Amino acid sequence: MSSIKLIRGSAMEKALAPEEQQAKINEIRKIIGPIADKFPSLCSDASVLRYLRARNWNTKKAAKMLKATLKWRLEYKPEKIQWEDIAKEAETGKLYRADYYDKQGRIVLVMRPGCQNTNSASGQVKHLVYSMENAILNLHSGQEQMVWLIDFQGWNSSNISMKASRETARILQDHYPERLGLAILYNPPKIFESFMTMVKPFLEPKTFKKVHFVYADNPESWKLMEEIFDMDKVECCFGGRSGVQFGYKVYAQKMREDDKKKSDFMDSGCSSSSHLQSVLSESQLSELASDHNSEASDEG
């Protein structure tokens, strides 16, 4: 079992001593059973803690949530998505990993919904999943979270896809819990408030609290940008002082290099969904499916 720095954060987390947290981690592994040994990364102490925090330390709910993610990863195979699979989606720079980190050392994912170039909800979601996996691959040691920086220049209601929005919220919350540290919505138009009203029911309260609106002409909200980022590194479109812009060819090369790094990582003996599917017994796969199907009724 890998040793990790147990979490000290919110009031609820402070109420749990490190030994209590470790006891809950052990309980999750006991609930999951031998399957946990097949997923060393997803069932590490750090990963299990994220699921526990997402479910307010309820071990039964956290275990079901984690099992649902194991099943999803076996079926969706997010680690198998390559740059070439989402290259068309990425052409306009509507979603990319920035070259800089925030002041806490968190990865920054830049989103520009006004640059939407496709109508495929499934393709857009695949692009998001690829970007999440890539961001996690590049996290600094000891850092678990990322920041979303969303630019609304050129955005209008025609860019709205409720299907993609629902699926994005579901995947982020269900399968990447506690990965989002902060989402900054930069200069959203007035009409976007109506869209947020429609989206809010899909967002868990914890996620919604991480969403912050920033307006260039509002000094109070602008302070957040200066608190979070070194503005010398941030793009001009966010009020930063960097002249660097998204370049498709350069970014594509960087992603291909990361794909190679990811492939080498899996070839070194780390778990992949294809390998795991071959080693899990039929009863273990059935158990994952059974828990996933019963989760909705248990949490209703």
Leaving out same-chain residues fewer than 8 places away, which lysines sit with a Cα under 27 Å from that of LYS103? LYS5, LYS14, LYS94, LYS206, LYS209, LYS210, LYS223, LYS233, LYS254, LYS261, LYS262
So for HIS175, HIS212, HIS140, fewest C-beta neighbours within 10 Å to most, what's the order? HIS140, HIS212, HIS175
Scan around LEU139 for amide H atoms under 5 Å from its own, H built in the peptide plane at 1.01 Å from N, and keep only partners 5 or more places away or cross-chain. none
Within the range 20-79, how many Lys pairs that are eight or more residues apart, or on different chains, come under 16 Å at the alpha-carbon? 14
Take the alpha carbon atoms of the range 128-183, find their center, do the same for the range 39-116, and report the distance between the two centers in whole angstrom. 8
Starting from the amide H of LEU182, placed 1.01 Å from N in the peptide plane, find each other amide H under 5 Å away whose residue is 5 or more places distant or on another chain. MET146, TRP148
For the range 155-161, what does the Karplus curve 6.51 cos²θ - 1.76 cosθ + 1.60, with θ = phi - 60°, yield as ³J(HN,Hα) per residue in whole Hz, taken in order and with x for Gly and Pro? 7, 8, 4, 5, 7, 6, 10
Quick one: what are the phi-derived ³J(HN,Hα) couplings along the range 117-128, Karplus 6.51/-1.76/1.60 with θ = phi - 60°, whole Hz, x for glycine and proline? 10, 9, 10, 8, 4, 5, x, 5, 5, 4, 4, 4
What's the FRET efficiency of TYR215 with ILE191 using the Cβ-Cβ distance as r and R₀ = 22 Å, to the nearest 0.05? 0.90
For the range 62-154, just list the percent of Cα-Cα distances falling in each 10 Å bin from zero outward, please. 15, 41, 35, 9, 0
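Read-outs throughout are calculated quantities, based only on the coordinates presented, and are distinct from any laboratory measurement. What you are looking at is a predicted structure, and each value in this text was computed from that prediction instead of being measured. We place every Cβ from the backbone using ideal geometry, glycine too, and count neighbours over all the protein chains shown.
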